[in-house]
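Read through the structure below, which is laid out as structure tokens, and then see the notes.
The values are calculated or read from the model by the stated rules, or taken from the named source; none is laboratory data. The model shown is predicted, which means the values in this text are computed figures rather than measured ones. Here the Cβ positions follow ideal geometry from the backbone for every residue, glycine too, while neighbour counts run over all protein chains shown.
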């Protein structure tokens, strides 16, 4: 098995194929949007860039059908595949649901959905409602599921966090609190968590703080460098707010470019 607690600079399909079957407890990932690599010299529309897009459901999105197919072999029988997808209102299509519906042919069920409510969403100035949420689809190999935690308290399927603003040097990073909610509720200490599109390392940082093992894949070496800096320098103090929301009290993450030191 590939080295754990490491972000591998490689295509996730190549990396996942090297893992033993039923070796992963939880997958939590968010496939990159078209604009995720703008400004860093990668043309993701190019067929030679090893990225693949689909325009049939609105905004071009990395086709993750091949990822969903191989993950069904690599995730344990009672494991989870949690997929974060945003909703592009401009397309006029229910894009996230259409994408997830394609996974049924691989044996995935979707028994639950987590709503990520953004407390500080980007305002919509086009005389429309401001989009303040994204989906996290809970995919399993069985039509029902049971959380692997000994907690009889009610756990809501709505997570309220701010939008990540610049801390991770990644323009499409989900908030650390979202990753920590998923990792804490859907796994136990010592479990193996996989992020196929690791980006700036938020999932890995959540695992590090919650005593989980992680394995990540990121095809962009710049993001791998940023993620490793966060893992080396970042520490987080957590607290649970009175209304039950998992929140971050203070972040000491400090990621700077070399020329800013």
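List of remarks:
- Every condition in (1) out of contact with any helix residue (DSSP H, G or I) (no Cβ under 7 Å at 6 or more places or on another chain); (2) assigned to a loop (DSSP other than H, G, I, E, B); (3) at pLDDT 75 or above; (4) within 30 Å of residue 228 (Cα to Cα) is met by residue 165 except one, and the failing one is (3).
- Residue within segment 48-62 that is modelled with pLDDT of 90 or more, touching a helix residue (DSSP H, G or I) at 6+ places or on another chain (Cβ under 9 Å) and crowded, with 20+ Cβ neighbours inside 10 Å present: no
Let's see how each residue does on (1) touching a strand residue (DSSP E or B) at 6+ places or on another chain (Cβ under 6 Å); (2) exposed (fewer than 13 other Cβ atoms within 10 Å of the Cβ); (3) over 21 Å from residue 191 (Cα atoms):
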site: 84; (1), (2), (3): yes, no, no
site: 100; (1), (2), (3): yes, no, yes
site: 123; (1), (2), (3): no, yes, yes
site: 138; (1), (2), (3): yes, no, no
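- Of the residues making up segment 233-240, not a single one is touching a helix residue (DSSP H, G or I) at 6+ places or on another chain (Cβ under 6 Å), surrounded by 19 or more Cβ atoms within 10 Å (Cβ to Cβ) and modelled with pLDDT of 95 or more.
- Within segment 185-207, the residues that satisfy the criterion of being surrounded by fewer than 19 Cβ atoms within 10 Å (Cβ to Cβ) and on the phi < 0 side of the Ramachandran plot are 188, 189.
- Residue within segment 250-258 that is in contact with a strand residue (DSSP E or B) (Cβ under 8 Å, 6 or more places away or on another chain) and modelled with pLDDT of 90 or more present: no
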